[in-house]
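Following: one structure in structure tokens, then a few remarks.
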Amino acid sequence: MNDFMNSKLPGKIGTVLLLLILSRVGTYIPISGVDRDAFAESLQGGGNVLGYVDTLTGGSISKLGIFSLGIVPYINSSIIFQLLTSVFPSLKKLQKEEGEAGRRKFQQYQRYGALGFAVVQAVGQCLYVRPFVEDFNLGWLVESSAVLTAGAMILLYIGEVLTELKLGNGTSLLIFTNIISSLPSSFGQTLSQASEKGDAATVLPVFFGAFFLTTLGIVYVQEAERKIPMNYSTRFQAGGLAKSSYLPFKVNSAGVMPIIFASSLLALPATLARFAPNPVIIGAAKAVYPGGVAYVPVNIALICFFNYFYTFLQLEPKDVADQLKRQGASIPGVRPGAATSGYITRVLERLSILGSVFLGFLALAPTAVEGITGLTTFRGFAGTSLLILVGVATDTTRKVRSEIVMSRYDTSLDDFYKDMPKK
């Protein structure tokens, strides 16, 4: 506790909480001229797909606040640019080989993309709520679209500030907050459904038992590692470094990002249906809605793809092999260079398969629980939200512990020179 209070963590945590509260306050500041109650009732009555998306965004769609778009435009932009890095070598070089300046330029491109997505989604949302607008005209459309776009950009800035505080990824923390905000209503709906069925004493233990076991499995897999022993050259062995050195690879190294990317793409048909009520688009949206015909196979396929893609995007085997060679490190029984790169590639491929199997089972869990209990509140919550909650919580906890450790060695230059003996 002393280490915690004497560090910069209290100030950082306070700043994080204030920013997260601000991100939720903007959800309750409405855009003008819309009958929000009628629109919210329409989502609950016939718009099940949009109701699901509304849950994922923490209720921001039904409230029609200035932060209604959430962080979705930035997520969409990130997906596009991450895919483009594997197509255009210049973008990949900009992101990975040109240092901090290159990464900042790449992030700036992502911001421009987020702005474009925000404009399109803002106009689409305003056109969709047209039947609920008291006086719809071009002026209202431009004004409301500008307000929603500005809200999305403010959330983007909040996310970047959260990331700079080094207590977690800003985008993940914002999504985490949205999910937490919907927890009370989700549990209330669960209790209500169980009481209506008349067998709450039987159904609720199964439901919450599945919830607990799923959480336990997520924590276990998130913390699992494949440790590859390392040998160092003679100059490192004097300190006994070689005896305890290993190269750790997580079983689910992609973390929550495959779930976030897959959820965003699954919500895309519903987003399109908001301002283009085409029967084909509406049919596709209903098919990938939880409980729909294509939801499970499409969700699993997207998760597997993004898990494999993001794993190798984060860890380039050739770069890892070159870095080990420069450090004088090698894997026992594997020659440095191309052989090491091939070995790491095979390890990552096997780990990505294990991670995909785990995420696939996680996506199937809500369907199994719903079939046993008849409760539908576990649908989107287990397959997407629960992994995000656990992943963000464990990542933030790990970074808080690192900050506490680093605070013990955090000495300013003035204090350092003040303690030095004077000549």
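Observations on the model:
- Within the stretch 357-367, being aliphatic (A, V, I, L, M) and touching a residue at least 40 places away in the same chain (Cβ under 8 Å) holds for Leu359, Leu362, Ala363, Leu364, Ala365.
- Extreme residue, most open to solvent (accessible area, probe 1.4 Å), among residues of the stretch 160-176 that are under 13 Å from Val392 (Cβ atoms) and more than 11 Å from the chain's Cα centre (by Cα): Thr163
- Leading residue by the ranking (most open to solvent (accessible area, probe 1.4 Å)) among those in the stretch 126-147 that are among the aliphatic types (A, V, I, L, M) and farther than 16 Å from Asp37 by Cα: Leu138
- Residues located in the stretch 142-175, provided they are more than 18 Å from Ser78 (Cα to Cα) and modelled with pLDDT under 90: Leu165, Lys166, Leu167
- Matching helices (runs of 4 or more DSSP H) fully within the stretch 1-100 where at least 3 residues are at pLDDT 75 or above: 9-25, 36-45, 72-85, 89-96
- Residues satisfying the stated conditions in the stretch 323-356, i.e. more than 30 Å from the chain's Cα centre (by Cα) and without any contact (Cβ under 8 Å) to a residue 12 or more places away in the chain: Arg326, Gly333, Val334, Arg335, Ala339
- Residues that are under 25 Å from the mean Cα position of the chain (by Cα), at pLDDT 80 or above, of a type in the set (A, V, I, L, M) and more than 30 Å from Thr190 (Cβ to Cβ) do not occur anywhere in the stretch 381-391.
- Top-ranked residue in the stretch 111-122 [being of a type outside the set (D, E, K, R) and surrounded by fewer than 18 Cβ atoms within 10 Å (Cβ to Cβ); ranked as modelled with the lowest pLDDT]: Val120
- Of all residues in the stretch 281-309 being of a type in the set (Phe, Trp, Tyr) and under 19 Å from Ser385 (Cβ atoms), the one that is most open to solvent (accessible area, probe 1.4 Å): Tyr289
- Pairing residues of the stretch 182-204 that are open to solvent by 30 Å² or more (accessible area, probe 1.4 Å) and assigned to a helix (DSSP H, G or I) with residues that are modelled with pLDDT under 80 and of a type in the set (S, T, N, Q), at Cβ distances under 6 Å and at least 6 apart in sequence or on separate chains, gives Gln189/Thr377.
The values are calculated or read from the model by the stated rules, or taken from the named source; none is laboratory data. All values reported here derive from a predicted model rather than from experimental measurement. Here Cβ is always computed from backbone atoms with ideal geometry, including for glycine, and neighbour counts include all displayed protein chains. Accessible surface is based on the protein model in full, side chains and every heavy atom, while ligands, DNA and RNA are left aside. Shrake-Rupley method; radii C 1.70, N 1.55, O 1.52, S 1.80 Å.
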